[in-house]
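The values are calculated or read from the model by the stated rules, or taken from the named source; none is laboratory data. Just so we're clear, the structure is a prediction, and the values are computed from it rather than from any experiment. Cβ placement follows ideal geometry from the backbone for every residue including glycine, while neighbour counts extend to all protein chains displayed. For accessibility, only protein heavy atoms count, side chains too; no ligands or nucleic acids. Shrake-Rupley method; radii C 1.70, N 1.55, O 1.52, S 1.80 Å.
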Amino acid sequence: MTASSYTTAHRLIASVWGEAAKPGPVLVAERRGTCLWRVETVRGPYALKITVPCTDPQGHVDSERLALVEAEILLALAADGTLTGLYEAHGTLDDGKGSWLALKWVGGDDAETAFAKLRQAPDAAQAASYAAAMCKAVADLHAGGWRHGDLQEVHFILNDHGATLLDFAMAHAPDRQPGTGPVVYRGAYDWFMSPELAHARLTTTPADDLPLTTASEVWSLCAVIYACWTGTYPISTRDTTQSTPKLRKELALGQVKPWAHTRPWPFAAFEDILTSGLQTGPGRRPSARVLQHAFEALTSADG
């Protein structure tokens, strides 16, 4: 973190929340052109996201615009009643070389952290409850015609109220067709990319905007839950987090690691549900809503 980014955060906090904001924002995350701050105010905690140009080749083109893009998507999600209660304010930085977005802070553990606790103290019913909540969050989005576009462990926050999805900069609106989105979509995070999207990445140019189906997102959803529950990605033993053609070739094959090598404890019914969503053929995967109900049926299971 640079001193200038801290100064920028303080200036924005004064502008957005004024005297309602307490001093000392906390930097929660800093990655590929984006800083996320937690801001304490008399009305409660908020999140402040600042996006600037990214020089990391793994980062997103036009990263400085992502906060603006996400803001417009959140406003559209709220307008049609699909997702409300997150957006607070947004704008561009004074120097014109970045953007910012203020959000309500969502308390709880991200899915990766929540499931990691279960690996220390196995609880089948709780694992099923977490998975059901994550599937419901995605199913509710799909019911409105939307797709998230960037499902990852840390983009799900789990608490007593269920699961909340965050980070909508890559989201696809109901009427989006390839080439009409606010940013070029290339499948987001490789490790959770469906086989068909991985194949499309390999056979198109970086300028080609890729379509995202709900079936493709179901694969990503199940891959995220798999990674949260087991502590390892469902495909590939590579230890790099970098995007590479070799990794995408493995992803395109869709060959999921054997459960016997990855399960943290025996839970056959849980594995069967995830396996149904990790089918290579998109047409063979259930919907997120079907997955939700299947996991809900396991919440009273004892393994």
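Here are some notes:
- Among the conditions (1) farther than 29 Å from Tyr226 by Cα; (2) open to solvent by 50 Å² or more (accessible area, probe 1.4 Å); (3) within 17 Å of the chain's Cα centre (by Cα), Lys97 misses just one, which is (3).
- Which numbered condition Pro122 fails, given (1) buried (at least 22 other Cβ atoms within 10 Å of the Cβ); (2) touching a Phe, Trp or Tyr at 6+ places or on another chain (Cβ under 6 Å): (1)
- Residue within region 232-247 that is open to solvent by less than 20 Å² (accessible area, probe 1.4 Å), under 18 Å from Glu153 (Cα atoms), of a type outside the set (S, T, N, Q) and modelled with pLDDT under 95 present: yes
- Long-range neighbours under 9 Å by Cβ, at least six apart or interchain, first residue closer than 25 Å to Lys22 by Cα within region 46-60, second hydroxyl-bearing (Ser, Thr, Tyr) and at pLDDT below 70: Thr51/Ser63; Val52/Ser63
- Of Glu30, Glu88, Glu40, all but one fail to be assigned to a strand (DSSP E or B), in contact with a Gly (Cβ under 9 Å, 6 or more places away or on another chain) and open to solvent by 40 Å² or more (accessible area, probe 1.4 Å); the exception is Glu40.
- Filter result (among the basic types (Lys, Arg) and within 12 Å of Ala132 (Cα to Cα)) within region 247-303: Arg289
- Subset of region 18-27 (residues that are modelled with pLDDT under 85 and either over 18 Å from Leu93 (Cα atoms) or in a loop (DSSP other than H, G, I, E, B) (or both)): Glu19, Ala20, Ala21, Lys22, Pro23, Gly24
- Residue identified as open to solvent by 40 Å² or more (accessible area, probe 1.4 Å), more than 24 Å from the chain's Cα centre (by Cα) and either over 22 Å from Tyr87 (Cβ atoms) or of a type in the set (Gly, Ala, Ser) (or both) among Pro23, Pro53: Pro23
- All positions within region 91-109 that are farther than 16 Å from Arg11 by Cα and either touching a His at 6+ places or on another chain (Cβ under 8 Å) or in a loop (DSSP other than H, G, I, E, B) (or both): Trp105, Val106, Gly107, Gly108
- Failed condition for Lys49, given (1) at pLDDT 90 or above; (2) within 13 Å of Ala169 (Cα to Cα); (3) not in a strand (DSSP E or B): (3)
- Residues located in region 258-303, provided they are of a type in the set (Lys, Arg), open to solvent by 40 Å² or more (accessible area, probe 1.4 Å) and in contact (Cβ under 8 Å) with a residue 12 or more places away in the chain: Arg263, Arg289
- Of all residues in region 74-87, those that are closer than 17 Å to His142 by Cβ and in contact (Cβ under 8 Å) with a residue 60 or more places away in the chain have Cβ atoms under 7 Å from Cβ atoms of residues that are open to solvent by less than 50 Å² (accessible area, probe 1.4 Å) and in a helix (DSSP H, G or I), 6 or more apart or on another chain, in Thr82/Leu141; Leu83/Leu77.
- Qualifying residue in region 200-210 (condition: over 22 Å from the mean Cα position of the chain (by Cα) and outside any loop (DSSP other than H, G, I, E, B)): yes
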